[in-house]
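Novice: I have a structure I would like to understand better, so I am pasting it below and will then ask my questions one at a time.
Bear in mind these aren't lab numbers, they're just calculated from the coordinates by the rules spelled out. Note that this is a predicted model, so its numbers are computed, not measured. Cβ placement follows ideal geometry from the backbone for every residue including glycine, while neighbour counts extend to all protein chains displayed.
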Amino acid sequence: MKKYIRFLIIASLPAFFLIQLAGCKFFGDNAKVASNIIGKPFENLSEYHFFKGNLKDLSPNEKVLPYNLISTLFTDYAHKARFVYIPDGKQVDYQEETALNLPVGACYIKNFYYPNDFRDELKGRRIIETRLLVHKESGWETLEYIWNDEQTDAHYEIAGDVKKVSWIHNDGSKKEIDYVIPNQNQCKGCHLLSNVVMPIGPKVRNLNQELAYADGKMNQLQKWTKNGILKDAPADIASCPKMVNYNDTSADLNLRARAYLDINCAHCHNPNGPAYTSGLWLHYNQEEMEHVGLCKSPVAAGRGTGGLMMDIVPGDPEHSILKFRMASLDAGIKMPELGRTTVHEEGVALITQWITDMKGSCGKAAN
């Protein structure tokens, strides 16, 4: 009888509303996150039920928690909406140095999007891709979902893609790029630590900030602890490490530059990363400045050096390989190698100022 009544209600709707309903993915509040997310990847993002209501609104379902990072990876000026899902009854240990290694069955969910107008996000946005990092019994697995033009769903894809994207930038200018969506191997390559796929950004120092949740503002570490998903965190959040926001011009210049290099470069450039043989280790807590590049000659010469002799020449960014590679769009020169088809002008300006303000000299060999 209930099914018959439901049929009569739907059949009586005007054609316009039926078309609208057919064109979007919509789930009631009772739809739960799929219990088998660690199984074979779903063909469509909607099948996970990470979000409720209209999928493109990215309204988190029960057990799905939004999070944000203090300093974020630059990806051709794309904005990100980040979420984390942790199954009932499971927790993650507090870890001060490495990214939080969530329990099996958990998932990091990162959505890449472009507001139509960076000056006013209320003017709409276009979601390009959603990257999942799922913790399976065998380890972490990267999954790529590409959104359709109608913004009704995202389809599982291992080969990557290229999407033309345009937007109005912060200064009012119109920008247009060919946005490159990485393939699965490229995703894995960036997430390797000691040759094992691991999360990158969600470290305690990069999560230690307040976030506006549906039920009010709270420090993210406190929220995770209150929700029972983070255990053994210090009661005094002020004692937890905290990274600066590299966009905060009121913060210490050296800390800003180190934060920028940490989130944009150190996932490869660290003693256990894919670029460990370079000896250029850019993680936030690296104390030996030679490993950060100061007066350091590159391990391998070639086009990537631009004919320069040192990674960083104090006071002289124009003779520093680090700045040279950040400012290049040449595929054989640019750093990072993946994730950008444009120059991050603000990032280059930050590192340029940082090097300019450095004291000391490397001698004539630097030039």
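Novice: Given R₀ = 25 Å, FRET efficiency for N101-H155 by Cβ-Cβ distance, to 0.05? Kindly include the intermediate steps, with their values, before the conclusion.
Specialist: Working: r = 29 Å, r/R0 = 1.15.
Efficiency at R0 = 25 Å is approximately 0.30.
Novice: For the pair A331/K63, report the inter-label distance in nm, with labels modelled 7 Å from Cα in the Cβ direction.
Specialist: Once both label points are built, they end up 4.3 nm from each other.
Novice: Which percent of the Cα-Cα distances in segment 47-186 go past 24 Å? Display every interim value, and only then the final one.
Specialist: On the way: 3358 of 9730 pairs.
Counting every Cα pair in segment 47-186, those more than 24 Å apart make up 35 percent.
Novice: Give me the distance between the Cα centres of segment 250-295 and segment 68-138, rounded to whole Å.
Specialist: After rounding, the separation between the Cα centres reads 22 Å.
Novice: Right, something else. Please work out whether segment 253-366 counts as rounded, prolate or oblate from its C-alpha gyration tensor, where a ≥ b ≥ c are the square roots of the eigenvalues and a/c under 1.5 means rounded, while otherwise a/b larger than b/c means prolate and anything else oblate? Could the numbers behind the result be given before it?
Specialist: Working: a/c = 1.16, a/b = 1.11, b/c = 1.04.
Taking the square roots of the gyration eigenvalues as a ≥ b ≥ c, segment 253-366 is rounded.
Novice: If you count, for each residue, the other Cβ atoms within 10 Å and average over each peptide, how do 124-133, 330-339 line up from highest to lowest?
Specialist: Details: 124-133: 20.0, 330-339: 14.6.
For the peptides 124-133, 330-339, the packing ranking is 124-133, 330-339.
Novice: Using a Förster distance of 22 Å, how high is the FRET efficiency between S138 and H79, based on the Cβ-Cβ distance and rounded to 0.05?
Specialist: On the way: r = 32 Å, r/R0 = 1.45.
Between S138 and H79 the formula returns 0.10.
Novice: Starting with the highest mean, order 208-216, 135-143, 36-44 by the number of other Cβ atoms within 10 Å, averaged over the residues of each peptide. Let's see the in-between values first.
Specialist: Working: 208-216: 11.9, 135-143: 16.0, 36-44: 14.4.
Ranking, from highest mean packing down: 135-143, 36-44, 208-216.
Novice: Stretch N170-Y94 to full length: gain in nm at 0.36 nm per residue minus the Cα-Cα span?
Specialist: Details: separation 76, 0.36 × 76 = 27.36 nm, distance 3.73 nm.
Extra length available between N170 and Y94 comes to 23.6 nm.
Novice: What nm distance separates the two modelled labels at A235 and K40, each placed 7 Å from Cα along Cα→Cβ?
Specialist: That separation, rounded to one decimal, is 5.1 nm.
Novice: Counting alpha carbon pairs within less than 8 Å and at least 6 residues apart, what relative contact order, in whole percent, applies to segment 84-162?
Specialist: Numbers: 131 pairs, mean separation 15.9, N = 79.
Reported as a whole number, the value is 20 percent.
Novice: Taking a ≥ b ≥ c as the square roots of the Cα gyration tensor eigenvalues, with a/c under 1.5 meaning rounded and otherwise prolate when a/b beats b/c, else oblate, which class fits segment 109-239? Before the final figure, lay out each step's value.
Specialist: Numbers: a/c = 2.21, a/b = 1.27, b/c = 1.74.
It is oblate, given that a/c is not under 1.5 and a/b is not larger than b/c.
Novice: For Kirkwood radius over Cα pairs in Å, the listed values are [x] 22.5; [y] 21.5; [z] 26.2; which was obtained by calculation from the structure presented?
Specialist: [x]
Novice: Can you figure out the FRET efficiency of A300 with K359, using R₀ = 35 Å and their beta-carbon distance, to the nearest 0.05? Walk me through the intermediate numbers first.
Specialist: Values: r = 28 Å, r/R0 = 0.81.
Between A300 and K359 the formula returns 0.80.
Novice: Also, quick follow-up: Obtain the nm distance between the two label points defined at N148 and T249 by a simple spin-label model: each point lies 7 Å from its Cα along the Cα-to-C-beta direction.
Specialist: 4.4
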